[in-house]
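J.: Got a structure here, written out as structure tokens. Questions coming.
Quick note: the coordinates plus some simple rules give every number you see, no bench work behind them. Just so you know, these numbers come straight off a predicted model, no measurement behind them.
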Amino acid sequence: TDEGTTDEGTTDEGTTDEATTDEGTTDEGTTDEGTTTGGSGETCADALVINTVPHVVTGDTSQFKDSYAFAEGACPGEDLGWGLEAPDVVYAFTPPSSGTYDIKLVPLYDSTLYVVSDCEDLDNQCLAANDELGVNTESLTLSLSQNKTYFIIVDGYGTNSQGAYELSISEPCV
């Protein structure tokens, strides 16, 4: 292993480099401060895995497909449904300890941020969503349980809404 990278090919905490998958291939257009491993981010089954907090990662949804959306009334925090026909990126996060986490999305496009506990039943397992009008920061503050996996979905508000973003997760407030 080269100095500054882990066996998975990701950067050590606190450094900036291109994010890589377990196989060591580069996900174009992403930088990672923390440790992100795992799959392509295309679906929950192949999610990028956030292994550390605090964590900051940048990416671009235009390199992905539309895999998810939520229906009207399905996600607390949003009355309407969002994400239909917009590319999305999925991150899996298993909190190292129970507590309140701040999840923030700073997009360069009209985005939607939501967190679910089960992607197969997204409309019934959505914990919270945030979609501010236009190009604005989306943020969620959630009480999360240790050793339970949650899926953070970076999406667009609707048809072809896509672009670059920065996603961050704070250390827990316990």
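J.: Given bins 10 angstrom wide, list per bin the percent of all Cα-Cα distances in region 38-118, short to long.
T.: Here the calculated profile for region 38-118 is 16, 49, 33, 3.
J.: Near the amide H of G99, under 5 Å away, which other amide H atoms are found, from residues 5 or more places off or on another chain, if H is placed in the peptide plane?
T.: Counting only residues 5 or more places away or on other chains, the set is L144, Q146.
J.: Given region 84-174 reduced to its alpha-carbon atoms as identical point scatterers, what log10 I(q)/I(0) does the Debye formula return at q = 0.10, 0.13, 0.14, 0.21 Å⁻¹?
T.: Debye output, listed in q order: -0.24, -0.40, -0.47, -1.00.
J.: Per residue of region 147-161, in order, report the coupling 6.51 cos²θ - 1.76 cosθ + 1.60 (Karplus, θ = phi - 60°) as ³J(HN,Hα) in whole Hz, putting x for Gly and Pro.
T.: 6, 10, 8, 10, 10, 9, 10, 9, 9, x, 5, x, 2, 6, 7
J.: Residue by residue through region 100-113, which ³J(HN,Hα) values in whole Hz follow from phi under the Karplus form 6.51 cos²θ - 1.76 cosθ + 1.60 (θ = phi - 60°), with glycine and proline marked x?
T.: Couplings: 9, 10, 9, 10, 10, 10, 10, x, 10, 7, 7, 10, 9, 10 Hz.
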